[in-house]
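Visitor: One structure coming up, written as structure tokens, with questions to follow.
The values are calculated or read from the model by the stated rules, or taken from the named source; none is laboratory data. Computed from a predicted structure; not experimentally measured. In this analysis, Cβ positions are derived from the backbone assuming ideal geometry, glycine residues included, and neighbour counts consider all displayed protein chains.
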Amino acid sequence: MQLRASASVFAFFACLCFALAGCGGSESGQPRTAAPSEPTSQDFGDFELHYNAVRTDELTAAVARAYGIERSANRVLLNVSLLRKGPDGRTTPVDGTVTATAYNLNGQLKSLEMRRVTEGTSVYFIGEVGISGTEILVFDIDATPLDRPGKYSVQFKREFVAG
């Protein structure tokens, strides 16, 4: 099955997360992932930074395969994109560099290697991190556009329950 890119692949992942959170599923007794209660983007004037994190078993097999993501109830995918705001209010993807770290509330640093993905005009960055049991992960993200000095930083946290 071939995947077609929408205007923003990030929007696809975000919609997928919300759709999966609202769907009924098998009655396995596992807690369902709640929709984020915190914002999933931050405005920096001319730029917006969008971010989200989901357990990778919530991705469809086709999406995971297409992007080389391991589907597991013990893994979390971080997805980040940087957008430039135009004078008309429209946003366009911006290339750059994104680094991220993740740690739990015990201060244990989690390995998180971000990789750049392009599809059509979309540019975004994804990384995977392992979890065990119930963990609240704190993500620190730094994004720097290629054509502009300085970086944009955001921190957010999410609770995950490993399967």
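Visitor: Between Glu113, Glu119, Glu70, which is at pLDDT below 95 and either among the hydroxyl-bearing types (Ser, Thr, Tyr) or closer than 27 Å to Asp46 by Cβ (or both)? Break it down into steps so the answer makes sense when it comes.
Guide: Numbers: Glu113 fails: either among the hydroxyl-bearing types (Ser, Thr, Tyr) or closer than 27 Å to Asp46 by Cβ (or both); Glu70 fails: either among the hydroxyl-bearing types (Ser, Thr, Tyr) or closer than 27 Å to Asp46 by Cβ (or both).
Answer to the check: Glu119.
Visitor: Of the residues that make up the range 47-57, is at least one modelled with pLDDT under 95 and out of contact with any Leu (no Cβ under 7 Å at 6 or more places or on another chain)?
Guide: The answer is no, given that none of the residues of the range 47-57 is modelled with pLDDT under 95 and out of contact with any Leu (no Cβ under 7 Å at 6 or more places or on another chain).
Visitor: Being under 17 Å from Phe139 (Cβ atoms), surrounded by fewer than 20 Cβ atoms within 10 Å (Cβ to Cβ) and in contact with a Gly (Cβ under 7 Å, 6 or more places away or on another chain) is the requirement here; does Glu113 meet it?
Guide: Numbers: under 17 Å from Phe139 (Cβ atoms): yes; surrounded by fewer than 20 Cβ atoms within 10 Å (Cβ to Cβ): yes; in contact with a Gly (Cβ under 7 Å, 6 or more places away or on another chain): yes.
Answer is yes for this residue.
Visitor: Evaluate the following for Asp140: is it closer than 13 Å to Tyr51 by Cα and of a type in the set (Asp, Glu)?
Guide: Details: closer than 13 Å to Tyr51 by Cα: yes; of a type in the set (Asp, Glu): yes.
Answer is yes for this residue.
Visitor: Which pairs do you get when a residue that is closer than 18 Å to Asp46 by Cα and among the aliphatic types (A, V, I, L, M), found in the range 133-150, comes within reach of a residue that is at pLDDT 90 or above and outside any strand (DSSP E or B), reach meaning Cβ atoms under 7 angstrom, with the pair 6+ apart or on two chains?
Guide: Partner pairs satisfying both residue conditions: Ala143/Lys151; Leu146/Asp95.
Visitor: Cβ contacts < 8 Å: first residue of a type in the set (Gly, Ala, Ser), restricted to the range 39-54; second residue surrounded by fewer than 17 Cβ atoms within 10 Å (Cβ to Cβ) and assigned to a strand (DSSP E or B), any location; separation 6+ or different chain. Result?
Guide: Every condition considered, the pairs that remain are Gly45/Lys85.
Visitor: Report whether or not Lys157 is of a type in the set (Lys, Arg) and in contact (Cβ under 8 Å) with a residue 60 or more places away in the chain. Walk me through it before giving the result.
Guide: Values: of a type in the set (Lys, Arg): yes; in contact (Cβ under 8 Å) with a residue 60 or more places away in the chain: yes.
Yes: the conditions hold for Lys157.
Visitor: Looking only at the range 106-123, decide whether some residue is under 19 Å from Pro39 (Cβ atoms) and not β-branched (Val, Ile, Thr).
Guide: If we filter the range 106-123 for residues that are under 19 Å from Pro39 (Cβ atoms), which is where we start, we get none.
No, the range 106-123 contains no residue that is under 19 Å from Pro39 (Cβ atoms) and not β-branched (Val, Ile, Thr).
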